[in-house]
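**Q** Okay, handing you the structure first.
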Amino acid sequence: TFKQFKGKVPGMPGTLTDDQVQETLKKFEIHEKIVNAMTDAERADPQIMLDDVENTDENCPLIQRVAKDSGCAEKDVALFLADFEAMRQSTQRIAAGEDPDAVNADIGSSNRAERRALKKQKKKKGGKRR
């Protein structure tokens, strides 16, 4: 399990602090509750849940149901889906041949201005974003 690695994650430089390990374990617990509250169809096709994020006209009923059934906040379910989608996109980009460091840098920039600056920088270098 994650605890057995004692803060050292294979393939990642450095060591996580005890606080970071505890925060990650807490996040894993929330994610497990959310996934367990999903239907078989939703687990088999995550796009069902991702599409619900856009369903603001009906107040995202699937997210509401999963939040209620998991005992988590709707915000936590939406953040889980956002994290999942970011990971899926980064994996696809790396599989398509993009530089993993560049992909990770792009993901790491959480504010809009940073993402735009990175995008402009890529265009100047002639790189394409998928």
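The values are calculated or read from the model by the stated rules, or taken from the named source; none is laboratory data. Not measured: the values here are computed from a predicted model. Every residue, glycine among them, receives a Cβ derived from its backbone with ideal geometry; neighbour counts consider all protein chains shown. To get the accessible areas, we keep the full protein, side chains included, count just its heavy atoms, and leave off ligands, DNA and RNA. Shrake-Rupley method; radii C 1.70, N 1.55, O 1.52, S 1.80 Å.
**Q** Do you know which residues across region 12-36 are aliphatic (A, V, I, L, M) and farther than 13 Å from Asp76 by Cα? Walk me through it before giving the result.
**A** Initially, region 12-36 is screened for residues aliphatic (A, V, I, L, M), giving 12, 16, 21, 25, 30, 34-35.
Matches in region 12-36: Met12, Leu16, Val21, Leu25.
**Q** Sticking with this structure for a sec: Only one residue in Thr1, Thr15 is open to solvent by 50 Å² or more (accessible area, probe 1.4 Å), more than 20 Å from Asn104 (Cα to Cα) and at pLDDT below 90. Which one?
**A** On the way: Thr15 fails: more than 20 Å from Asn104 (Cα to Cα).
Going through Thr1, Thr15 in turn, just one is open to solvent by 50 Å² or more (accessible area, probe 1.4 Å), more than 20 Å from Asn104 (Cα to Cα) and at pLDDT below 90: Thr1.
**Q** If you scan region 80-95, which residues turn out to be farther than 25 Å from Gln64 by Cβ and exposed (fewer than 13 other Cβ atoms within 10 Å of the Cβ)?
**A** Thr91, Gln92, Ala95
**Q** So which pairs qualify, if the first residue must be in region 56-84 and among the hydroxyl-bearing types (Ser, Thr, Tyr), the second must be open to solvent by 50 Å² or more (accessible area, probe 1.4 Å), the Cβ gap must be under 6 Å, and the two must be at least 6 apart or on different chains?
**A** Ser70/Lys33
**Q** For residues in region 36-76 being part of a helix (DSSP H, G or I) and hydroxyl-bearing (Ser, Thr, Tyr), which is surrounded by the fewest Cβ atoms within 10 Å (Cβ to Cβ)?
**A** First, pick out the residues of region 36-76 that are part of a helix (DSSP H, G or I): 36-37, 40-44, 47-53, 56-58, 61-70, 74-76.
This time we only want the ones that are hydroxyl-bearing (Ser, Thr, Tyr), so: 56, 70.
Numbers: Thr56: 8, Ser70: 20.
By that ranking, first place goes to Thr56.
**Q** Take region 91-118 and flag every residue that is modelled with pLDDT under 60 and either touching a Pro at 6+ places or on another chain (Cβ under 6 Å) or among the basic types (Lys, Arg) (or both).
**A** Within region 91-118, Arg112, Arg115 meet the criteria.
**Q** Just to be sure I understand the filter: pairs with C-beta atoms under 8 Å, separated by 6 or more residues or on different chains, first member in region 24-47 and at pLDDT 95 or above, second member assigned to a helix (DSSP H, G or I) and surrounded by fewer than 12 Cβ atoms within 10 Å (Cβ to Cβ). Which pairs pass?
**A** From residues that are at pLDDT 95 or above, there are no pairs.
**Q** Can I ask one more? Of all residues in region 46-84, which are among the hydroxyl-bearing types (Ser, Thr, Tyr) and within 17 Å of Asn36 (Cβ to Cβ)?
**A** Within region 46-84, the first condition is being among the hydroxyl-bearing types (Ser, Thr, Tyr), and the residues that meet it are 56, 70.
Of everything in region 46-84, just one residue is among the hydroxyl-bearing types (Ser, Thr, Tyr) and within 17 Å of Asn36 (Cβ to Cβ), namely Ser70.
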